[in-house]
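Peer 1: One structure, as structure tokens, below. Some questions next.
The values are calculated or read from the model by the stated rules, or taken from the named source; none is laboratory data. Because the structure is predicted, anything quoted here is derived from the model rather than measured. Positions of Cβ are backbone-derived with ideal geometry, glycine not excepted, and every protein chain shown enters the neighbour counts.
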Amino acid sequence: MSGRTIKRGGKSARRTAAAQGKAQKVRTAKARTGSLIDTLMAWLPFSEAQLHRIFLAMILGLAAVGAWMAATFAGVPAMARDQMAVLSHDAGFELHNINVRGTSNLNELKIYQIALADRDRAMPFVDVGALRDKLLELSWVEDARVSRQLPDTLVVDIVERKPVAVLEKIDRLVLIDKDGIELETIGEARAKGKLLLKGSSAGKQIAALTELLDAAPALRPQLRSAEWVGNRRWNLTFRTGQLLALPEGKDRSAKALMKFAQLDGRNRLLGGKAVAFDMRAPDRIYLRVPGRTDPVEQPKPAASESPKPKTSDQAKPTATKKEAP
């Protein structure tokens, strides 16, 4: 019997084995990669479908930004805006009417002049924010609101400042509000009956004066003018023509004014014979009476006493003092 030789393994067998080994490694790597992705996906609060949509939206967004930048460089937005303006005009969306509300002292012509500066602009492109800023520059305007009423109307709502006094300047009279803002120059006829402020920087002290008068509200309607003296204190002149000199300092002047209101309520000082009352000295009230060269000095009564200031017809002064300016 002839013998046969059996060969174990040749080149083809080795190549097959190598190929199978590589395939196994690839499968193992894919399995590991797949398990890692699955693990990460499990931690994310999105499903796989949602994540795909997010990636798609990001890609589309980047593409849109790129397209917009390219169009900007090419001048397309300006062209589109101009075309839209033309279409708006053709459709009647053009500024023709202005409806102003809330004014009583402000000259509405000033509002029309500001608003009509945009009359050639299509309504969708009227800058209502810029228009409001310009209106706030007017002295009478405390606040303003501007809105579109399509197709052709702007509605302007105004909140006016309220005048509280008249400020006397060297060459004119000016209305001011509670913050001392100058509103408008007026004549004497229009200033009649309003509180008149005098003295340097008096307009800046209007808030302090208002707080002072709140201490004795019964005297406010009887007040004709207030003078800020030496940038430190007030002289008050009443409608009777009588003058009250108050001391320096916020607390001292408020206490003196309250004391004067109490005395007036009990003894009717306003409208009496005294033409001036000086309360600048502590615990003393000086009354100036016509026909006397020196003011009458009267000590302030104790709390338990009924205050009754003396005049030249009632008693001679216990002391005299020259009236300070």
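Peer 1: Out of region 153-168, which residues are surrounded by 14 or more Cβ atoms within 10 Å (Cβ to Cβ) and not in a strand (DSSP E or B)? Break it down into steps so the answer makes sense when it comes.
Peer 2: First, the residues of region 153-168 that are surrounded by 14 or more Cβ atoms within 10 Å (Cβ to Cβ): 153-158, 160-161, 163-168.
ARG161 - this is the single residue of region 153-168 that is surrounded by 14 or more Cβ atoms within 10 Å (Cβ to Cβ) and not in a strand (DSSP E or B).
Peer 1: Okay, moving on. What do you reckon, is SER253 polar (S, T, N, Q) and touching a helix residue (DSSP H, G or I) at 6+ places or on another chain (Cβ under 8 Å)?
Peer 2: For SER253, the condition - polar (S, T, N, Q) and touching a helix residue (DSSP H, G or I) at 6+ places or on another chain (Cβ under 8 Å) - is met.
Peer 1: Can you pull out every residue in region 95-130 that is acidic (Asp, Glu) and either assigned to a helix (DSSP H, G or I) or modelled with pLDDT of 85 or more (or both)? Let's see the steps before the verdict.
Peer 2: Narrowing region 95-130 to residues acidic (Asp, Glu): 108, 118, 120, 127.
Scanning region 95-130 gives GLU108, ASP118, ASP127.
Peer 1: Is it true that some residue in region 295-311 is modelled with pLDDT of 70 or more, of a type in the set (Gly, Ala, Ser), assigned to a loop (DSSP other than H, G, I, E, B) and surrounded by fewer than 19 Cβ atoms within 10 Å (Cβ to Cβ)? Steps first, answer last, please.
Peer 2: Residues of region 295-311 modelled with pLDDT of 70 or more: none.
No, there is no match, as no residue in region 295-311 is modelled with pLDDT of 70 or more, of a type in the set (Gly, Ala, Ser), assigned to a loop (DSSP other than H, G, I, E, B) and surrounded by fewer than 19 Cβ atoms within 10 Å (Cβ to Cβ).
Peer 1: Here's another thing I want to ask about it. Find all pairs meeting these conditions: Cβ atoms under 8 angstrom apart; at least six residues apart or on different chains; first residue within region 261-275 and aliphatic (A, V, I, L, M); second residue in a helix (DSSP H, G or I) and modelled with pLDDT of 90 or more.
Peer 2: Hits for this filter: ALA261/ALA218; ALA261/LEU219; LEU269/PHE260; LEU269/LEU263; LEU270/GLN222; LEU270/ASP264.
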